[in-house]
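The structure under discussion appears below in the form of C-alpha cells.
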Amino acid sequence: MKRNKHFLSALLALVCVLTMLLSLLPVAAFADDAAPAEGEETEEEGPSNEGQLIIGNADGSAGENEGKIISISSAEEFRDFSLNCRSSAWSIGLSVNLTEDIDFGGRAIMPVPSFSGTFFGNGHTIKNFSCGSNGSHQGLFRYLEEGGRIVDLQVSGSITPSGSQSSVGGIVGTSRGTVTGCSFSGTVTGLISVGGIVGENLGVITRCESAGSISGKHFAGGIAGYNEGTIRACTNRAEVNIEVRDEAIDIESLDIHDIIGINLVSAEDKDTVSDIGGIVGISLGLVDACTNEGTVGYQHYGYNVGGIAGRQSGYLSQCVNNGTVFGRKDVGGIVGQMEPYLILDDSASLVDEIEALQSAMNAAMGNMSAASESLGSSARQVSDSGTNIASHYTAKAIDNGSGAAEARE
C-alpha cells in the first residue's frame, strides 16, 4: 500500500514538472517575434551616428568609422572633426554631411590634416577664415588621400602659409582623391605648386571654379599649381600672379619633394616666376574642357606663362582662354611652353645627363651619315643606269642613221 502511495506521489510530481515545462514553451516560441523594448536597437538598422561627432574610436582601432555618417553644422563641430582627422585611417569609409553654412568670423583655423572619406558640402559654404600655418601642403584640407572625395563644397577664405609654402591650395594642399563640384573664392599665396582649388593634384578635379587672387613663385594656376592627374570642365575667374613678388625661396626649409621640377640649372629661378597658367601652372596629366576668364601674369615678367597651362607635357584638349596673358618669355594664349624640353632625373648628375644626350646625338648623327651614304650609293647607281641607257639609245640611233644613209645611196 505504501508502495502505491509512493508511486502516486512520484507520478504527481512528474506531472507537475511537465506542466511547468509546457507552460514555458509559448514564451520561448514567440520571443523572437516580439517587438523590441523602447530604445532597444535592432540588428537590421544598426547604430546611427548621424548628427553626432565621433570623438575617437571606442577601442582605439582604425577603420571603425567605415560606413558611418556624421553631420557638421557649426565651427565647433568642424574643429572637432579636424582634430579627429589627425589620423588618415580615422576617416576611411566615413561620410560627412555639412548641413549649414559655417562662418568663422575672420578667425584663423587649423586645417583638416588628412581625409580619406567623403565630405558632402551640399552646396553650403565654409567662409571668412584664414589659414597661415607654417610649412607645406596647406589648404582647408592639407591632404585628400586616395579614395577620398570632396563634393559640392563652397569655400571662401585666405590661405597664406609661411615657411616652405609648397603645395598650397584653396581647398586642398595635396590631393590623391577627387574634388568635384566645388568652388573657392579668396586669396591663395605660396611659393611652389599653388592653386585655387588644389596645390598639387595627383587625383581628379572636375566641375570646379575659382575666383579671387592666386600668387606663386613656381607652378601657379587658377585651379591647380601642379597636375599629374585629371582636371576636367573647370573654370578659373581668379587673377593669377598679376603682381610682382619680391620674395626668395627659403632653401633650408625645403625637402627634395619641394624642389623636384624646378630648373636648378637656370640662374634666373631665384629671381623670377615660372610656369604660370590660368588653369594649371605645370601639367603632366590631362586637362580637358576647361575655361580661363582671369588675367594671368605681369607685363614683361615671368617665364612659361599660358592662358590654360604655363608648361605642359601631358594631354590638353578643348580648352578656351578668354583672359589676358602677360609674361617675359614663352608666353601663349593657351600654353606657354610645350614639349620637347629636357627633364633632369634627380637621381642622376648633370654630367650623366649631358653624356647621355651627347650619346643620343652621336647615334643620331651616325644614323644620318649611314643614311646619307646609302642615298649616295643609290644615286650613283641611278646615275650609272641612266648613263648606260642613254649610251644604248645613242648607239642605236647612230646605227639607224647609218643604215638609212646607206639605203639612200
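Values computed for the structure shown
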{"read-out": "Cα-based shape type of region 132-341, given that a ≥ b ≥ c are square roots of the gyration tensor eigenvalues and the cut on a/c is 1.5", "value": "rounded"}
{"read-out": "Residue-span extension gain [E76 to M110] - 0.36 nm each, minus C-alpha spacing", "value": "11.1 nm"}
{"read-out": "N134/E355 FRET efficiency (R0 35 Å; Cβ-Cβ; nearest 0.05)", "value": "0.25"}
{"read-out": "For S74, net neighbour charge (Lys/Arg +1, Asp/Glu -1) across residues whose Cβ lies under 14 Å away", "value": "-3"}
{"read-out": "Local electrostatic count at G121 - Lys and Arg +1, Asp and Glu -1, tallied over other residues with Cβ under 15 Å", "value": "-3"}
{"read-out": "Order of Y301, Y226 - criterion: other Cβ atoms within 10 Å of each residue's Cβ, fewest first", "value": "Y301, Y226"}
{"read-out": "Other-chain or far-sequence residues with amide H under 5 Å of T324's (modelled H)", "value": "T295, V296"}
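We did not get these values from a lab; they are worked out from the coordinates using the rules stated. This structure is a prediction, so every number in the text was calculated from the model and none was measured. Glycine gets a Cβ as well: all are built from the backbone with ideal geometry, and neighbour counts include every protein chain shown.
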